[in-house]
Amino acid sequence: MFRQPERLRCEYDAVIIGAGGHGLAAAYYLARDYGMTRVAVLDRGWLGGGNTGRNTAIVRANYLTPEGVRFYQESLRLFRELSEELEYNLFYTERGHLTLAHTESTLRTMRWRAEVNKHLGVESEVVRPDELARICPWLDLQCGGHVPVVGALYHPPGAIVRHDAVAWAYARGADQLGVEIHQRTPVTGIRVREGRVEGVETARGFVRAQRVLAAVAGYTPRIMQMVGLRTPIVIQPLQACVTEPLKPWLDQIVVSANLHLYVSQSTRGELVMGAALDPYVLHSERSTLDFVESLADHLLDLFPFLGGVKVTRQWAGMSDMTPDFSPIMGKTPIEGFYLDTGWGTWGFKATPVCGTTLAYTLAHDRPHPLIEPFGLARFEQYALVGEKGAASVGH
Amino acid sequence: MKLLRCPINGWRPLSEFVYGGEVRPMPDPTAASDREWAEYVFCRQGEPGVLREWWYHVPSGTWLVAERDTLKDEVRATWLWPPPDAAQPSPDIPHTETAAASAPAVEAVPDVEVARAAQSAPPVEPAPSGEVARPGEHVPTAEATSAAPRHAETPSQPATQPEGGPEARA
Ligand SMILES: Cc1cc2nc3c(=O)[nH]c(=O)nc-3n(C[C@H](O)[C@H](O)[C@H](O)COP(=O)(O)OP(=O)(O)OC[C@H]3O[C@@H](n4cnc5c(N)ncnc54)[C@H](O)[C@@H]3O)c2cc1C
């Protein structure tokens, strides 16, 4: 599907650390839009083996801040035409995204979100329980009586995309344009001289490059240590699981922040489910029984008839969390060293738009207007972009 | 089940504790530049390593400091505030009576003043409500404890010697 070049050259125009969706998309658009093909994407493990291959594949644009909504809206636009663009079936299916409210205060944030969304042209509506029952008749709106649903934010464009396919398709597209993808090539150091990046040390030798982009999600703090920069990023595991396959019955993506749960049904019939972040900092992809137990408990509040369904697999990824639940993208105090991180629990949906905007940023050495609000410098300017209210689950 | 040793109540299930984040020294707010202050408020030691962190034992309302390896998820020691000086070797000693006796910083129940101060100032990140965006809302951590007012209603803690050595077990 894509070549696996044997020889790592000693110099490229750009080195991208991390062959997740973000790094691969950036490489693809660098080659497609700016003709920059002397590009290497390096990964310590295998392509798509990080959070790109671990997420629950939900794509939506119903965020809270105008900066966020504009950005994710563009990502959805790109996603819709991506199968055609990359000539690869990504199984992009629009399902409708329902965020349930169990309290009036949750409903208030949803009204706020709906208004911001509509103002910017994103379909989003607060619905009352009677309408909710029509949209998703399987829900127990009483939740067993203790946390009744009082309404929901309904976002019809909410979609599911096959996550591995997104990584593979970008890899193939980039490869066809001449980009080299080197798996099992960990970056072990970054050479900086007089405030300028010179290249990266790898397990296979030094590679010179004027531009280096780090798109390493859960490994960001380790990379930052190599260049001596501090960031607000902390790593916490996020877990997910799937059940045995069932006949198709659940069209929508259903999220409840109060119940710390979200669920959708994959095209294979499995229920794909996730919950809140693990409650403390940990650099590990281990999964726990606590997680499945509490998730199952809450799932039965919403869909009591699932009592006999078996969980077949569970896993975790390392989420790179920021204090404002917005990403960190763009330039850094080190010339030629760019960042794409802070994607935490929500970055899969941004894969295409990260690709286009990062490619622009590397090509022009200037942040793309869509990512200007997300610069690392926003913290020392106290100009945070608070997106916590749009997080899928309470954290 | 994962256990954590509360310096007051001994070994308790981890589910009884709430995480309060890294212990960070606060720069002098009157002297620090905006940049230094932002660094203090937002930046963290994100890379894996041995960290000193705040933990809160919910049932008894006890704030404590734990030294934990964030890669292996192993707790090496727990203390009431203040933990022993960072320059001192951490009391990473086997779980035996004698070992515990030789680790005074861990074993000693500190004077009640300090213990109460530590409990009354919640050095914790914003409550996990997940409802509303609250950019930049951070509560200072470590330092707040020493300046915290004493709460008369703070329940007195049992002055029992904690059992066992300083290391937590998984
Ligand atoms: C359980 C879970 C569920 C999620 N659900 C959703 C969801 O439904 N919707 C959504 O939008 N987002 C979701 N996310 C978030 C999303 O998965 C991530 O934000 C996104 O995939 C990040 O992509 P990436 O390409 O930046 O990182 P990754 O895919 O993690 O890629 C980073 C790569 O960098 C490599 N790397 C690291 N260090 C080095 C080094 N030193 N040298 C070379 N390579 C290195 C890694 O091996 C890895 O392959 C979820 C995350 C998790 C964990």
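The values are calculated or read from the model by the stated rules, or taken from the named source; none is laboratory data. Since the model is a prediction, treat every value here as computed from it, not as a measurement. Neighbour counts run over all protein chains shown; Cβ positions are idealised from the backbone, glycine included. Remember, those area values only see protein heavy atoms, side chains included, never the ligands or the DNA or RNA. Shrake-Rupley method; radii C 1.70, N 1.55, O 1.52, S 1.80 Å.
For a quick check of understanding: with a 1.4 angstrom probe and all protein chains in place, what accessible area in square angstrom does B:Val18 have, to the nearest ten?
For B:Val18, the solvent-accessible surface is approximately 60 Å².
Sticking with the crude label model, points 7 Å out along Cα→Cβ, report the distance from A:Arg313 to A:Ala377 in nm, one decimal please.
Reported label-point gap for A:Arg313 and A:Ala377 is 4.4 nm.
Largest first and in whole Å, give the semi-axes of chain A's equivalent ellipsoid, each being the square root of 5 times a Cα gyration tensor eigenvalue. Please report the intermediate quantities before stating the final value.
Working: eigenvalues 264, 91, 76 Å².
So the equivalent ellipsoid measures 36, 21, 19 Å along its semi-axes.
Could I have the simple spin-label model distance between A:Thr267 and A:Arg193, label points 7 Å from Cα toward Cβ, reported in nm to one decimal?
It is 5.0 nm.
Take the Cβ-Cβ distance between B:Arg35 and A:Arg366 as r, set R0 to 22 Å, and report the resulting FRET efficiency rounded to the nearest 0.05.
Working: r = 23 Å, r/R0 = 1.04.
My answer for the efficiency is 0.45.
Take every residue in peptide A:379-390, count the Cβ atoms of other chains within 10 Å of its Cβ, and give the average of those counts.
If you average over the peptide's residues, the count of other-chain Cβ atoms is 5.
Can you work out ³J(HN,Hα) from phi for every residue in segment A:242-247, in order, using Karplus 6.51 cos²θ - 1.76 cosθ + 1.60 and θ = phi - 60°, giving whole Hz and x for Gly and Pro?
Ordered by residue, 3J(HN,Hα) equals 10, 9, 4, x, 10, 4 Hz.
Residue-wise, which Karplus ³J(HN,Hα) couplings in Hz belong to segment A:284-301, taking 6.51 cos²θ - 1.76 cosθ + 1.60, θ = phi - 60°, and x for glycine or proline?
Going residue by residue, I get 7, 10, 6, 10, 10, 6, 3, 4, 5, 4, 6, 5, 4, 4, 6, 4, 6, 4 Hz, with x marking Gly and Pro.
Report, in whole Å, the centroid distance computed from the Cα atoms of segment B:7-43 and segment A:263-336.
Distance between centres, Cα-based: 26 Å.
My understanding is that a pair violates if its Cα-Cα distance is over 28 Å; which of A:Lys118/A:Lys388; A:Lys118/A:Lys349; A:Lys247/B:Lys2 do that in this structure?
A:Lys247/B:Lys2
Largest first, how would A:Tyr72, A:Tyr92 line up by accessible area (1.4 Å probe)?
Ranking A:Tyr72, A:Tyr92 by accessible area, largest first, yields A:Tyr92, A:Tyr72.
Which residues in segment A:219-258 place their backbone N less than 16 Å from a point set 7 Å from the Cα of A:Ser294 along the Cα-to-Cβ direction?
Counting only backbone N, you get A:236-241, A:256-258.
Long-range amide H contacts for B:Arg44: which residues qualify at under 5 Å (H placed 1.01 Å from N, peptide plane, sequence gap of 5 or more or a different chain)?
So B:Arg44 has HN proximity to A:Thr231, A:Ile233.
Please give me, ordered by residue number, the GluC sites (Glu not before Pro) of segment B:23-86 that lie in loop per DSSP and have at most 11 other Cβ atoms within 10 Å.
Those that pass, being in a loop and sparsely packed, number zero.
Just the accessible area for A:Leu141, please: 1.4 Å probe, Å², rounded to the nearest 10?
Around 30 Å² of this residue is reachable by solvent.
All other residues with a Cβ under 14 Å from the Cβ of B:Glu36 taken together, and with Lys, Arg as +1 and Asp, Glu as -1, what is their net charge?
Here the count lands on -1.
Could you give me the ³J(HN,Hα) list for segment A:156-166, computed from phi with Karplus coefficients 6.51, -1.76, 1.60 and θ = phi - 60°, whole Hz, x at Gly and Pro?
Karplus-based 3J(HN,Hα) across segment A:156-166 equals x, x, x, 9, 10, 10, 6, 5, 4, 4, 5 Hz.
For A:Ser294, A:Ser124, write out the residues from largest to smallest accessible area, computed with a 1.4 angstrom probe and no ligands counted.
Final ranking, largest accessible area leading: A:Ser294, A:Ser124.
Less than 14 Å Cβ to Cβ from A:Gly50, Lys/Arg counted +1 and Asp/Glu -1: what total charge do the surrounding residues give?
-1
Segment A:121-230: which chymotrypsin sites (Phe, Trp or Tyr not before Pro) are DSSP loop and have at most 16 other beta-carbon atoms within 10 angstrom?
Numbers: sites: A:Trp138, A:Tyr154, A:Trp168, A:Tyr170, A:Phe206, A:Tyr219; in loops: A:Trp138.
Filter output for segment A:121-230: A:Trp138.
Rank these by accessible area, largest first, 1.4 Å probe: A:Lys388, A:Lys247, B:Lys2.
Descending order: A:Lys247, B:Lys2, A:Lys388.
Give the accessible area for B:Glu22 in Å² (nearest 10); use a 1.4 Å probe, count only protein heavy atoms, and leave out ligands, DNA and RNA.
20
Just grab the label-to-label distance for A:Lys247 and A:Arg134, each label 7 Å out from Cα along the Cβ direction, in nm (one decimal).
In this crude spin-label approximation the distance works out to 2.6 nm.
Amide H of A:Ile16: which non-local residues (sequence gap of 5 or more, or other chain) have their own amide H closer than 5 Å, using H built in the peptide plane?
A:Ala40, A:Val41, A:Leu42, A:Leu213
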